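The values are calculated or read from the model by the stated rules, or taken from the named source; none is laboratory data. Note that the coordinates shown come from a computational prediction; the quantities given were computed from them, not determined experimentally. In this analysis, Cβ positions are derived from the backbone assuming ideal geometry, glycine residues included, and neighbour counts consider all displayed protein chains.
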Ligand code: UDP
Ligand code: MG
């Protein structure tokens, strides 16, 4: 019998965890397969770990990996991927925004043999602020245009994948992780399953607008060199403009003599070019910062407590 491994990153989810566990167990028990639930406690400061320990006592399917601090959802997902051995693997949010009811259908699609992964996307953003939705849409448009990672609008991290794809993802051990990009980059045949947005069952979202904005910028830098091209093209165009202006100035000097005019425009130009140079340096700096972090080869995560056999404590 095939085995499904579910990875559930949890950060301060003490109220959602029991609800999620009950719901997902109900669905999985009716399915014709073995399963394991691997909760990754991402340095929660509330009672999440205690809740997980309690649940683990009465459910042999449940294991937990507990981080030594908050490493972020990306690290939690990676730790999960490194620590599961199912034939099919999925990441699910603990807040029931990824409906477990979709699992039987996803499994069926995978078992048909036509696909290597079944991914989900929200077709509505009900319950989300309009400003946030607007920025999210623009982000997807932009990143699809400038990177080779194929990312669908409304894509979730919730997808059921075959072992081969999971191995490929574990193989991508970059420090700056952006899973939506990684899933697209590794390729494989993907089926997109649309569903209506759900609101979280308990607790609140860990993603402030600012955090999400930085995540989007990281995504772009991790999967595209377009900002670097913009910097060099911008530089080229301005050099050309300056050259033309130089010729105009020489001609003017020959025709009309040496008038001292235009100090205001000179100051404007100096400020403009200075600003632009700093901006481009900043772009280059962002890439260098990423290289710097990559070269340190720090572990993605550190597990301080776990009830799983053969835990990979760090990677
Ligand atoms: N999460 C995590 N570490 C973090 C932030 C979030 O493991 O630093 C988990 C969180 O517990 C949840 C999932 O990632 O299971 C998605 O987070 P959330 O629901 O807050 O995001 P949203 O659905 O609002 O985008
Ligand atoms: Mg959520």
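A compact table of results
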quantity: Qualifying positions in the stretch 192-223 - modelled with pLDDT of 85 or more, under 16 Å from residue 98 (Cα atoms) and in contact with a helix residue (DSSP H, G or I) (Cβ under 8 Å, 6 or more places away or on another chain); calculated: 193, 195
quantity: Checklist (1) within 16 Å of ligand 1 (Cβ to nearest atom); (2) at negative phi; (3) within 24 Å of the chain's Cα centre (by Cα) applied to residue 96, failing item; calculated: (2)
quantity: Candidates 269, 288, 283, 273 - the one that is at pLDDT 85 or above and more than 39 Å from the chain's Cα centre (by Cα); calculated: 269
quantity: Tally, over the stretch 277-302, of residues that are closer than 21 Å to residue 77 by Cα and in contact with a helix residue (DSSP H, G or I) (Cβ under 7 Å, 6 or more places away or on another chain); calculated: 3
quantity: Checking residue 7 against (1) at pLDDT below 95; (2) buried (at least 24 other Cβ atoms within 10 Å of the Cβ); (3) more than 9 Å from ligand 1 (Cβ to nearest atom), the condition it does not meet; calculated: (1)
quantity: Complete set of residues in the stretch 224-234 that are surrounded by 14 or more Cβ atoms within 10 Å (Cβ to Cβ) and either modelled with pLDDT under 85 or out of contact with any helix residue (DSSP H, G or I) (no Cβ under 7 Å at 6 or more places or on another chain) (or both); calculated: 230
quantity: Filter result for the condition that a residue is loosely packed, with under 10 Cβ neighbours inside 10 Å and more than 24 Å from residue 172 (Cβ to Cβ), over 281, 254, 271, 276; calculated: 254
quantity: Check on residue 285, without any contact (Cβ under 8 Å) to a residue 24 or more places away in the chain and assigned to a helix (DSSP H, G or I); calculated: yes
quantity: Residue under evaluation residue 51, criteria (1) crowded, with 16+ Cβ neighbours inside 10 Å; (2) farther than 19 Å from residue 313 by Cα; (3) touching a residue at least 40 places away in the same chain (Cβ under 8 Å); (4) away from ligand 2 (no atom under 16 Å from the Cβ), criterion not met; calculated: (3)
quantity: Residues being closer than 18 Å to residue 125 by Cα and either part of a loop (DSSP other than H, G, I, E, B) or free of Cβ contacts under 8 Å to residues at least 60 places away in the same chain (or both) - total across the stretch 187-201; calculated: 6
quantity: Breaking point among (1) surrounded by fewer than 21 Cβ atoms within 10 Å (Cβ to Cβ); (2) touching a strand residue (DSSP E or B) at 6+ places or on another chain (Cβ under 8 Å); (3) touching a residue at least 40 places away in the same chain (Cβ under 8 Å), for residue 92; calculated: (1)
quantity: Residues of the stretch 206-237 that turn out to be within 16 Å of ligand 2 (Cβ to nearest atom), touching a residue at least 40 places away in the same chain (Cβ under 8 Å) and either in contact with a strand residue (DSSP E or B) (Cβ under 9 Å, 6 or more places away or on another chain) or not in a helix (DSSP H, G or I) (or both), as a count; calculated: 1
quantity: Residue, nearest to the chain's Cα centre (by Cα), within the stretch 146-182, restricted to residues that are without any contact (Cβ under 8 Å) to a residue 40 or more places away in the chain and assigned to a helix (DSSP H, G or I); calculated: 180
